[in-house]
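The values are calculated or read from the model by the stated rules, or taken from the named source; none is laboratory data. Please read all numbers here as calculations on a predicted model, not as lab measurements. In this analysis, Cβ positions are derived from the backbone assuming ideal geometry, glycine residues included, and neighbour counts consider all displayed protein chains.
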Amino acid sequence: MSFSGDFKFDGRGKLARIDAFVTKAGKSILTLIFEQGGQYPQVIPIKVFGRLAEEASAWKPGTLLEITGRLGGREYNGKVYGEAVAETVEVVGEAQREMPKGKTADAPTPGDDDVPF
């Protein structure tokens with residue numbers, strides 16, 4: 001069977017963590033983990049390789065990333081394993097520092113040009 005189409009995706013999300021896995025062959029695989037809340041929370045794993053895996057050391061939990069990639073998978077022993085692989089990753093927002101417990105951020109002083117909402 002031949003297939004000429006591509007299954008692509010693009011999305012934006014806040015990075016929850018980066019998982020690292022080393023294969024039996026010694027190859028390191030990094031997986032970006034995103035979490036989306038709601039009534040049925042989702043965990044979205046996206047693999048990164050090569051140059052993107054090298055850049056991943058600069059990405060911290062809370063960083064807002066915009067990702068494009070491809071969907072694929074493999075069959076092994078009669079089971080199909082799907083995967084999402086990043087092709088491009090762009091940092092669109094830096095991780096926010098958390099305030100120590102009991103502290104609040106200083107609110108700006110209201111001015112004449114501030115809107116009431």
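Out of the residues in the stretch 73-86 meeting the condition of being out of contact with any helix residue (DSSP H, G or I) (no Cβ under 9 Å at 6 or more places or on another chain) and under 19 Å from SER28 (Cβ atoms), tell me which one is surrounded by the most Cβ atoms within 10 Å (Cβ to Cβ). Break it down into steps so the answer makes sense when it comes.
Just the residues of the stretch 73-86 that are out of contact with any helix residue (DSSP H, G or I) (no Cβ under 9 Å at 6 or more places or on another chain), to begin with: 73-85.
Next, from what is left, pick out any that are under 19 Å from SER28 (Cβ atoms): 74, 81, 83-85.
Values: ARG74: 9, TYR81: 9, GLU83: 15, ALA84: 19, VAL85: 15.
Restricting to residues being out of contact with any helix residue (DSSP H, G or I) (no Cβ under 9 Å at 6 or more places or on another chain) and under 19 Å from SER28 (Cβ atoms), the top hit is ALA84.
Within the set ALA25, ALA56, the sole residue that is surrounded by 12 or more Cβ atoms within 10 Å (Cβ to Cβ) and of a type in the set (A, V, I, L, M, F, W, C) turns out to be ALA56. Only one of the numbered conditions (1) more than 17 Å from TYR81 (Cβ to Cβ); (2) in contact with a helix residue (DSSP H, G or I) (Cβ under 9 Å, 6 or more places away or on another chain) is not met by ARG51, and that is (2).
Would you confirm, using the coordinates I've provided, whether THR68 is without any contact (Cβ under 8 Å) to a residue 40 or more places away in the chain, surrounded by 10 or more Cβ atoms within 10 Å (Cβ to Cβ) and under 19 Å from VAL85 (Cβ atoms)? For THR68, the condition - without any contact (Cβ under 8 Å) to a residue 40 or more places away in the chain, surrounded by 10 or more Cβ atoms within 10 Å (Cβ to Cβ) and under 19 Å from VAL85 (Cβ atoms) - is not met.
Listed here are the residues, each with its yes/no results for (1) assigned to a loop (DSSP other than H, G, I, E, B); (2) modelled with pLDDT under 95; (3) under 25 Å from LYS8 (Cα atoms).
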{"residue": "ILE33", "(1), (2), (3)": "no, no, yes"}
{"residue": "TYR40", "(1), (2), (3)": "yes, yes, yes"}
{"residue": "ALA53", "(1), (2), (3)": "no, yes, yes"}
{"residue": "THR68", "(1), (2), (3)": "no, no, yes"}
{"residue": "MET99", "(1), (2), (3)": "yes, yes, no"}
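Identify all residues within the stretch 70-97 that are more than 14 Å from ILE33 (Cβ to Cβ), assigned to a strand (DSSP E or B) and of a type in the set (Asp, Glu); write none if there are none.
So in the stretch 70-97, the residues more than 14 Å from ILE33 (Cβ to Cβ) come out as 70-82, 85, 87-88, 90-97.
Add one more test, that the residue is assigned to a strand (DSSP E or B), and what stays is 70-76, 79-82, 85, 87-88, 90-93.
Hits for the stretch 70-97 are GLU75, GLU87, GLU90.
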